[in-house]
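What follows is a single structure, written as C-alpha cells, with notes after it.
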Amino acid sequence: MTLLAERVDVWAASITDEPGGLASKLASLHDAGASLHFVISRRAPDKPGTGIVFVTPLKGDREIKAAAAAGFNVTQAFPSIRVQGSDRPGMAAELTQELAQAGLNLRGFAASVIGVQFVAYVALDSVEDADKAVGILQSA
C-alpha cells in the first residue's frame, strides 16, 4: 500500500444555522484566493441556531488573515493528517486497521474517492499520535 500521508492544519469557525450561514464563511475564504481541499460542516446540537465548519488547507498571509477575520482558528484540539493513495475495495478498513494495531484512537475520519484515488482526513488525539500515524502510513 503506497500512501502519501502528511500533517495538516484544520481550521474551524462557528456558523449560523440559517440559509447562507456556511456560504458567507466560505465566500470570505474564496475572496482571499483559498483553494480548499476539504470542507465539512454540521449543526451544533448542543447550541441551537449554530453550527461549525472545518476547512483545510489555508496558505499564505492573505488567506490566513481572511480566515481570522471570518472567525476561523486552527483547531489545536484536532491534530489531523491527510492520506492519499490508490483506491481499492477495503482501503478505509485497511487504513484504520493499521492505525488501530499501532494503538492509535481516531477522533474523526472522513474519506472520499475520485476516480481511482482516495483521500482521507484523520483526526487524532495528540500531535504525537498524528506524527506516529504519518510514520506508520508512509511505511505501510
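Rule-based calculations on the coordinates, nothing more; no lab input. As the structure is a prediction and not an experimental result, all values here were calculated from the model. Note that we place each Cβ from the backbone using ideal geometry, even for glycine, and neighbour counts take in every protein chain shown.
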Q | Equivalent ellipsoid semi-axes, the chain, via Cα gyration tensor eigenvalues times 5, rooted, Å | A | 28, 16, 15
**Q.** Helix-only [θ]222 nm of the chain, DSSP H runs n ≥ 4, -39500 (n - 2.57) each, per residue, nearest 500
**A.** -10000 deg cm²/dmol
**Q.** aspartates and glutamates whose Cα lies under 17 Å from that of LYS132, excluding same-chain neighbours fewer than 8 positions away
**A.** GLU6, ASP9, GLU94, GLU98
Q | Student exercise, the chain dipole from Lys, Arg, Asp, Glu Cβ charges, in Debye to nearest 20 | A | 220 debye
Q) Once phi is turned into θ = phi - 60°, what whole-Hz ³J(HN,Hα) does the Karplus curve with 6.51, -1.76 and 1.60 give for every residue of the stretch 91-101, x standing for Gly and Pro? A) 4, 4, 5, 5, 4, 5, 5, 4, 5, 5, 5
Q: Name the lysines eligible as straight-distance cross-link partners of LYS47: C-alpha to C-alpha under 22 Å, and not fewer than 8 places from it in the same chain.
A: LYS25
Q) Treating the beta-carbon of each Lys and Arg as +1 and of each Asp and Glu as -1, no other charges, what is the dipole magnitude of the stretch 10-74 about its Cα centre, to the nearest 20 debye? A) 100 debye
(Q) Given points 7 Å out from each Cα along the Cα-Cβ axis, report the ALA93 to VAL116 separation in nanometres with one decimal. (A) 2.3 nm
Q: May I ask you to list the trypsin sites (Lys or Arg not before Pro) in the stretch 33-140 that are in a DSSP loop and have at most 14 other Cβ atoms within 10 Å of their Cβ?
A: LYS59
Q) Which residue, chosen from ALA133, LEU95, PHE118, occupies the Cα position most advanced towards the positive end of the dipole of the stretch 77-139, where the dipole is computed from +1 (Lys, Arg) and -1 (Asp, Glu) charges on Cβ about the Cα centre? A) PHE118
Q | Values of log10 I(q)/I(0), in the order q = 0.16, 0.23, 0.27 Å⁻¹, for the stretch 88-140 under a Debye, Cα-only, solvent-free model | A | -0.45, -0.91, -1.18
